[in-house]
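Single-structure report; data block below.
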Amino acid sequence: MSDGKKPTILAFTGKGGVGKTSLSAQCVRLLSEIYPDRRILAIDADPAIGLATALGVEVGSTVDDIRKMFVETAEEGEKKAAIELLGEAKFRMVDAMVEEKNISFLAIGRPESAGCYCKVNAYLKEIIGSIADNYDYVVIDGEAGIEQVNRRVMEEVTHLILVSDASKKGLLVTETIHRVAEDLTMAQHSGLIINRIPQAVDRSQLDTYGLPILSMIGDDPEMALSDMRGDSAFMVPREDPVCSGMEQALKVLEII
């Protein structure tokens, strides 16, 4: 960023199967369309790399591929080669990024190999942070739980977006994640999106555990079909419940 401002970093988290990836993709799409002159970095921190499909991106290599190369070289005893490889890590990470208009995409990949490589992990996370500083917005599609984002991606998250379905289990998970995130003091703002709410459910009866509500989104059969086809988020009509619900959440957060 040329003005020296830190990026707005939005991390999506919640239990599996609640639509985090679809919402993350719509968030990227909306920011890209509403702010065509600003730079957006989409980070897929879920090992399944679903955000790539949702954005229509083809992933060549991931951050964990870079980590794996270093670990394998170090384990083979090639100390000099390992040090050189680590020195090239930022260049390799930039090469791994996919660029499309004002969006850049970076996949974290699967968790690192067994063993303790804390210094390597910290260094790679530092590189991700330095790359992120060149963007206006960073959108992170994370695994269930905030610890993974904190441990493997970045500690500074300005906006924590908790995603749940209408189930008691899903809402309990978001409450737990929110509590952990507060202990880590890693987010300036947080809020809850309740997704895939069945038509028969009385929304006023949902226990949100006092979390600020960003939007409530009804069950969306069209989005389910779109996911089955592997459609890009950019093909979804703006009036679709998931897209309009994400837009409402960004307005509540005063991002748009």
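Per residue of region 163-177, in order, report the coupling 6.51 cos²θ - 1.76 cosθ + 1.60 (Karplus, θ = phi - 60°) as ³J(HN,Hα) in whole Hz, putting x for Gly and Pro.
Whole-Hz 3J(HN,Hα) from phi for region 163-177: 10, 9, 8, 7, 6, 4, 4, x, 5, 5, 4, 5, 5, 5, 4.
Could you work out the helix-only [θ] at 222 nm for the chain, with each DSSP H run of four or more residues adding -39,500 (n - 2.57) and the total divided by the number of residues, to the nearest 500 deg cm²/dmol?
Calculated at 222 nm, the ellipticity per residue is -13000 deg cm²/dmol.
Percent of accessible area on the chain owned by carbon and sulfur, 1.4 Å probe?
51
Once you treat every alpha carbon in the chain as an equal point and sum by Debye, what is log10 I(q)/I(0) at q = 0.12, 0.13, 0.17 Å⁻¹?
Rounded to two decimals, the profile gives -0.69, -0.80, -1.31.
Please find the FRET efficiency linking Gln248 to Asp37, where r is the Cβ-Cβ separation and R0 is fixed at 22 Å, and quote it to the nearest 0.05.
On the way: r = 23 Å, r/R0 = 1.06.
Computed FRET efficiency for Gln248 and Asp37 comes out at 0.40.
Give, in nm to one decimal, the length gained when the segment between Tyr123 and Leu225 is fully stretched (0.36 nm per residue of separation minus the Cα-Cα distance).
Working: separation 102, 0.36 × 102 = 36.72 nm, distance 4.07 nm.
Length gained, Tyr123 through Leu225: 32.7 nm.
Quote to one decimal, in nm, the extra length available between Ile256 and Asp207 on full extension: 0.36 nm per residue of separation minus the C-alpha distance between them.
That pair, Ile256 and Asp207, stretches by 14.9 nm at full extension.
Provide the FRET efficiency to the nearest 0.05 for the Glu99-Glu155 pair, computing r from the beta carbons and using R0 = 30 Å.
Given R0 = 30 Å and the Cβ-Cβ separation, E is 0.70.
Please get the size of the charge dipole for the chain, origin at its Cα centre, with Cβ charges of +1 on Lys and Arg and -1 on Asp and Glu, quoted in debye to the nearest 20. Provide the component values of the computation, followed by the final result.
Working: 27 positive and 41 negative charges, 70 e Å.
I would put it at about 340 debye.
Please compute the per residue accessible area over the chain with all protein chains in place, 1.4 Å probe, rounded to a whole number of Å².
48
Ranked from highest to lowest mean number of other Cβ atoms within 10 Å per residue, what is the order of the peptides 168-176, 32-40? Walk me through the intermediate numbers first.
Working: 168-176: 17.7, 32-40: 14.9.
Packing order, densest peptide first, comes out as 168-176, 32-40.
Calculate the spin-label point distance for Arg179 paired with Met235, positioning each point 7 Å from the Cα along the beta-carbon direction, and give it in nanometres.
Simple spin-label model gives 4.2 nm for this pair.
When the chain is modelled as a GNM with alpha-carbon springs shorter than 10 Å, which of Gly109, Gly16, Gly210 fluctuates the most?
Ranking Gly109, Gly16, Gly210 by mean-square fluctuation puts Gly210 first.
Taking the Cα centre of region 160-210 as origin, sum charge times position over the Cβ atoms of Lys and Arg (+1) and Asp and Glu (-1), and report the length of that vector in debye to the nearest 20.
Around 160 debye, computed over region 160-210.
Antiparallel DSSP bridges in the chain: what percent, to the nearest 5? Don't skip to the end; give the middle numbers.
Numbers: 3 of 33 bridges.
Roughly 10 percent of the DSSP beta bridges within the chain come out antiparallel.
Starting from the amide H of His189, placed 1.01 Å from N in the peptide plane, find each other amide H under 5 Å away whose residue is 5 or more places distant or on another chain.
His159, Leu160
The values are calculated or read from the model by the stated rules, or taken from the named source; none is laboratory data. None of these values were measured; they are calculated from a predicted model. A quick note on method: Cβ atoms are made from the backbone with ideal geometry, for glycine too, and the neighbour counts reach across all protein chains shown. These accessible areas exclude ligands, DNA and RNA; they are computed on the full protein's heavy atoms, side chains included. Shrake-Rupley method; radii C 1.70, N 1.55, O 1.52, S 1.80 Å.
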